[in-house]
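Peer 1: Here you go, one structure.
The values are calculated or read from the model by the stated rules, or taken from the named source; none is laboratory data. These figures come from a predicted structure and were not determined experimentally. Backbone-built Cβ (ideal geometry, glycine too); neighbour counts: all protein chains shown. All accessible areas refer to the heavy atoms of the entire protein, side chains included, with ligands and DNA or RNA removed. Shrake-Rupley method; radii C 1.70, N 1.55, O 1.52, S 1.80 Å.
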Amino acid sequence: MNDNADLIFRYFTGLNDTQKLQFQQLEALYTDWNAKINVISRKDIDNLYEHHVLHSLGIARAITFKPGTRILDIGTGGGFPGIPLAILFPDCLFKLIDGTGKKLKVVAAVAQAIGLKNVWTEHLRGEDEKGKYAFVVSRAVMPFPELVQMTRKNISHQENNTLHNGWLCLKGGDLTEEISPFKGKAKVTDLSDYFKEDWFKEEKKLIYLPLK
(Lines give C-alpha, C1' and ligand atoms only; values in the text may rest on other atoms or scores of the structure.)
Protein backbone atom coordinates (compact mmCIF):
# COMPACT_ATOMS: atom_id res chain seq x y z
CA MET A 1 0.00 0.00 0.00
CA ASN A 2 1.01 3.62 -0.49
CA ASP A 3 2.77 4.90 2.63
CA ASN A 4 2.76 8.48 1.33
CA ALA A 5 -1.00 8.58 1.83
CA ASP A 6 -0.43 8.13 5.56
CA LEU A 7 0.02 11.90 5.70
CA ILE A 8 -3.69 12.24 4.93
CA PHE A 9 -4.68 9.56 7.43
CA ARG A 10 -2.85 11.32 10.26
CA TYR A 11 -5.09 14.37 9.90
CA PHE A 12 -8.31 12.65 8.84
CA THR A 13 -8.78 9.68 11.13
CA GLY A 14 -12.40 8.75 10.45
CA LEU A 15 -11.98 7.46 6.91
CA ASN A 16 -13.52 4.17 5.87
CA ASP A 17 -11.65 1.52 3.87
CA THR A 18 -13.02 2.75 0.56
CA GLN A 19 -11.86 6.32 1.21
CA LYS A 20 -8.43 5.13 2.33
CA LEU A 21 -8.01 3.08 -0.82
CA GLN A 22 -9.13 5.99 -2.99
CA PHE A 23 -6.55 8.28 -1.43
CA GLN A 24 -3.87 5.62 -1.76
CA GLN A 25 -4.59 5.17 -5.46
CA LEU A 26 -4.06 8.83 -6.32
CA GLU A 27 -0.27 8.76 -6.49
CA ALA A 28 0.05 6.03 -9.12
CA LEU A 29 -2.78 7.51 -11.18
CA TYR A 30 -1.45 11.06 -11.17
CA THR A 31 2.12 9.91 -11.78
CA ASP A 32 1.00 7.92 -14.80
CA TRP A 33 -1.24 10.64 -16.23
CA ASN A 34 1.24 13.41 -15.50
CA ALA A 35 3.75 11.71 -17.77
CA LYS A 36 1.23 12.12 -20.63
CA ILE A 37 -0.55 15.35 -19.75
CA ASN A 38 1.21 17.75 -17.41
CA VAL A 39 -1.35 18.74 -14.76
CA ILE A 40 1.12 18.93 -11.86
CA SER A 41 4.60 20.40 -12.03
CA ARG A 42 6.99 17.56 -12.85
CA LYS A 43 9.25 18.53 -9.96
CA ASP A 44 6.27 18.61 -7.61
CA ILE A 45 4.69 15.22 -8.33
CA ASP A 46 6.74 13.69 -5.49
CA ASN A 47 4.94 16.08 -3.15
CA LEU A 48 1.48 15.12 -4.37
CA TYR A 49 0.00 14.33 -0.97
CA GLU A 50 1.36 17.35 0.89
CA HIS A 51 1.21 20.08 -1.75
CA HIS A 52 -1.97 19.02 -3.54
CA VAL A 53 -4.12 16.51 -1.65
CA LEU A 54 -3.64 17.78 1.91
CA HIS A 55 -3.61 21.36 0.68
CA SER A 56 -7.01 20.79 -0.92
CA LEU A 57 -8.31 19.28 2.31
CA GLY A 58 -7.56 22.50 4.16
CA ILE A 59 -11.11 23.42 3.13
CA ALA A 60 -12.37 20.40 5.06
CA ARG A 61 -10.80 21.72 8.25
CA ALA A 62 -12.99 24.80 7.97
CA ILE A 63 -16.26 23.03 7.20
CA THR A 64 -17.82 19.60 7.18
CA PHE A 65 -20.20 19.67 4.22
CA LYS A 66 -23.59 18.18 5.01
CA PRO A 67 -24.95 15.38 2.78
CA GLY A 68 -26.52 16.70 -0.40
CA THR A 69 -24.40 19.85 -0.55
CA ARG A 70 -23.54 20.96 -4.10
CA ILE A 71 -20.05 22.36 -4.62
CA LEU A 72 -18.50 23.94 -7.72
CA ASP A 73 -14.74 23.64 -8.22
CA ILE A 74 -13.83 26.35 -10.70
CA GLY A 75 -10.56 26.06 -12.62
CA THR A 76 -9.98 22.62 -11.15
CA GLY A 77 -6.83 21.95 -13.18
CA GLY A 78 -5.79 18.42 -12.27
CA GLY A 79 -8.75 18.01 -9.94
CA PHE A 80 -7.79 20.09 -6.92
CA PRO A 81 -9.41 20.76 -4.56
CA GLY A 82 -12.39 18.86 -6.01
CA ILE A 83 -11.13 15.25 -6.12
CA PRO A 84 -9.79 15.09 -2.53
CA LEU A 85 -12.93 16.80 -1.22
CA ALA A 86 -15.17 14.43 -3.16
CA ILE A 87 -13.39 11.46 -1.58
CA LEU A 88 -13.84 12.95 1.88
CA PHE A 89 -17.50 13.87 1.33
CA PRO A 90 -19.03 11.04 -0.75
CA ASP A 91 -22.59 12.19 0.00
CA CYS A 92 -22.01 15.62 -1.56
CA LEU A 93 -22.05 16.54 -5.25
CA PHE A 94 -19.04 18.14 -6.91
CA LYS A 95 -18.91 19.74 -10.35
CA LEU A 96 -15.36 20.35 -11.58
CA ILE A 97 -14.92 22.77 -14.46
CA ASP A 98 -11.89 24.07 -16.32
CA GLY A 99 -11.20 25.94 -19.53
CA THR A 100 -8.54 23.40 -20.56
CA GLY A 101 -10.14 20.22 -21.87
CA LYS A 102 -7.08 17.97 -21.65
CA LYS A 103 -6.82 18.58 -17.91
CA LEU A 104 -10.42 17.51 -17.45
CA LYS A 105 -9.61 14.31 -19.31
CA VAL A 106 -7.19 13.48 -16.49
CA VAL A 107 -9.70 14.48 -13.80
CA ALA A 108 -12.48 12.34 -15.27
CA ALA A 109 -10.13 9.37 -15.66
CA VAL A 110 -8.90 9.62 -12.06
CA ALA A 111 -12.45 9.94 -10.71
CA GLN A 112 -13.56 6.89 -12.70
CA ALA A 113 -10.52 4.83 -11.74
CA ILE A 114 -11.10 5.28 -8.01
CA GLY A 115 -14.85 4.85 -8.26
CA LEU A 116 -16.05 8.35 -7.41
CA LYS A 117 -19.78 8.59 -8.13
CA ASN A 118 -20.27 12.13 -6.86
CA VAL A 119 -18.09 14.01 -9.37
CA TRP A 120 -18.87 15.29 -12.83
CA THR A 121 -16.72 17.43 -15.08
CA GLU A 122 -17.38 19.91 -17.85
CA HIS A 123 -15.06 21.80 -20.19
CA LEU A 124 -16.36 25.23 -19.33
CA ARG A 125 -15.21 28.70 -18.39
CA GLY A 126 -16.50 30.10 -15.12
CA GLU A 127 -18.52 32.86 -16.73
CA ASP A 128 -20.46 30.25 -18.71
CA GLU A 129 -21.44 28.08 -15.74
CA LYS A 130 -25.16 28.49 -15.01
CA GLY A 131 -25.75 26.09 -12.10
CA LYS A 132 -26.45 26.88 -8.46
CA TYR A 133 -24.22 25.63 -5.66
CA ALA A 134 -23.87 26.10 -1.93
CA PHE A 135 -20.14 26.77 -2.27
CA VAL A 136 -17.62 27.70 -4.91
CA VAL A 137 -14.17 26.31 -4.14
CA SER A 138 -10.91 27.06 -5.94
CA ARG A 139 -7.17 26.90 -5.64
CA ALA A 140 -5.32 30.04 -6.77
CA VAL A 141 -7.28 30.32 -10.01
CA MET A 142 -7.51 34.11 -10.36
CA PRO A 143 -7.60 37.26 -8.22
CA PHE A 144 -10.23 36.74 -5.54
CA PRO A 145 -12.43 39.78 -6.41
CA GLU A 146 -12.64 38.56 -10.03
CA LEU A 147 -13.63 35.09 -8.88
CA VAL A 148 -16.37 36.46 -6.64
CA GLN A 149 -17.74 38.71 -9.37
CA MET A 150 -17.75 35.88 -11.91
CA THR A 151 -19.40 33.26 -9.71
CA ARG A 152 -21.79 35.28 -7.54
CA LYS A 153 -24.55 34.12 -9.90
CA ASN A 154 -23.75 30.51 -8.97
CA ILE A 155 -24.19 30.72 -5.20
CA SER A 156 -27.53 29.40 -3.98
CA HIS A 157 -29.42 31.24 -1.25
CA GLN A 158 -30.72 27.97 0.23
CA GLU A 159 -28.58 26.82 3.14
CA ASN A 160 -28.11 23.67 5.21
CA ASN A 161 -24.48 23.95 6.36
CA THR A 162 -22.84 25.38 9.45
CA LEU A 163 -21.21 28.09 7.33
CA HIS A 164 -23.27 30.44 5.19
CA ASN A 165 -23.10 29.61 1.50
CA GLY A 166 -20.24 31.34 -0.27
CA TRP A 167 -16.63 30.95 -1.37
CA LEU A 168 -13.83 28.78 0.07
CA CYS A 169 -10.61 29.53 -1.75
CA LEU A 170 -7.03 28.40 -1.23
CA LYS A 171 -4.55 31.19 -1.90
CA GLY A 172 -0.98 32.16 -1.08
CA GLY A 173 1.02 35.27 -0.34
CA ASP A 174 -0.12 38.64 0.96
CA LEU A 175 -3.87 38.79 0.46
CA THR A 176 -4.42 42.27 1.89
CA GLU A 177 -5.26 43.86 -1.45
CA GLU A 178 -7.33 40.93 -2.73
CA ILE A 179 -9.66 40.86 0.24
CA SER A 180 -9.83 44.64 0.76
CA PRO A 181 -13.20 44.86 -1.09
CA PHE A 182 -14.61 42.41 1.45
CA LYS A 183 -13.20 43.92 4.63
CA GLY A 184 -15.13 42.74 7.65
CA LYS A 185 -16.75 39.89 5.72
CA ALA A 186 -13.91 37.71 4.44
CA LYS A 187 -12.12 35.45 6.91
CA VAL A 188 -8.54 34.43 6.17
CA THR A 189 -7.06 31.42 7.96
CA ASP A 190 -3.43 30.33 7.86
CA LEU A 191 -3.29 26.67 6.88
CA SER A 192 -0.42 26.29 9.34
CA ASP A 193 -3.18 26.48 11.97
CA TYR A 194 -4.40 23.15 10.59
CA PHE A 195 -1.27 21.38 9.33
CA LYS A 196 2.18 21.29 10.93
CA GLU A 197 4.32 20.66 7.81
CA ASP A 198 6.75 23.49 7.03
CA TRP A 199 5.32 24.01 3.53
CA PHE A 200 2.09 25.31 5.05
CA LYS A 201 3.97 28.03 6.91
CA GLU A 202 4.85 29.64 3.57
CA GLU A 203 1.80 31.91 3.48
CA LYS A 204 -0.64 29.15 2.53
CA LYS A 205 -4.10 30.45 3.38
CA LEU A 206 -7.82 29.80 3.09
CA ILE A 207 -10.30 32.56 2.33
CA TYR A 208 -13.91 32.12 3.36
CA LEU A 209 -16.41 34.68 2.15
CA PRO A 210 -20.12 34.23 2.90
CA LEU A 211 -22.66 35.35 0.34
CA LYS A 212 -24.60 37.19 3.02
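Peer 1: Taking 0.36 nm per intervening residue step and subtracting the Cα-Cα distance, what contour gain separates K66 from I37 on full extension? Walk me through the numbers on the way to the answer.
Peer 2: Numbers: separation 29, 0.36 × 29 = 10.44 nm, distance 3.39 nm.
Roughly 7.0 nm would be gained on extension.
Peer 1: Each residue of the stretch 156-166 in order: what ³J(HN,Hα) in whole Hz does its phi give by Karplus 6.51 cos²θ - 1.76 cosθ + 1.60, θ = phi - 60°, with x for Gly and Pro?
Peer 2: Computed from phi, the couplings for the stretch 156-166 are 6, 8, 7, 10, 8, 10, 5, 9, 4, 3, x Hz.
Peer 1: A follow-up question, please. Excluding the sites themselves, what is the longest stretch of the chain that contains no GluC sites (Glu not before Pro) in a DSSP loop with at most 13 other C-beta atoms within 10 Å? The partial results should precede the final answer.
Peer 2: Details: sites that count: E202, E203.
Result for the longest clean stretch: 1-201.
Peer 1: Let me ask something additional. For the chain, what is the accessible area per residue in Å², given a 1.4 Å probe and the full set of protein chains? It would help to have the intermediate numbers written out before the result.
Peer 2: Details: 9990 Å² over 212 residues.
Heavy-atom accessible area per residue stands at 47 Å².
Peer 1: If you filter the stretch 1-39 for trypsin sites (Lys or Arg not before Pro), then keep DSSP loop positions with at most 11 other Cβ within 10 Å, what is left? Can you show the working numbers first?
Peer 2: Numbers: sites: R10, K20, K36; in loops: K36.
Of the trypsin sites (Lys or Arg not before Pro), the ones in loops of the stretch 1-39 whose Cβ has at most 11 other Cβ atoms within 10 Å are K36.
Peer 1: Take the alpha-carbon centre of the stretch 141-167, take the same for the stretch 28-54, and report the distance between them in whole Å.
Peer 2: For the stretch 141-167 versus the stretch 28-54, the Cα centre distance is 28 Å.
Peer 1: Using all alpha carbons of the stretch 39-97, what is the percent of pairwise distances in each 5 Å bin, ordered from the shortest bin to the longest?
Peer 2: The calculated distribution, bin by bin, is 4, 20, 29, 25, 13, 7, 2, 0.
Peer 1: Taking H placed 1.01 Å from N in the peptide plane, check which residues at least 5 places from L211 or on another chain put their amide H under 5 Å from its amide H.
Peer 2: Amide H neighbours of L211, under 5 Å, 5+ apart: N165, G166, W167.
Peer 1: Taking just the C-alpha trace of the chain, give me its Rg and Dmax in Å.
Peer 2: In order Rg, Dmax, the Cα atoms of the chain give 16.0, 47 Å.
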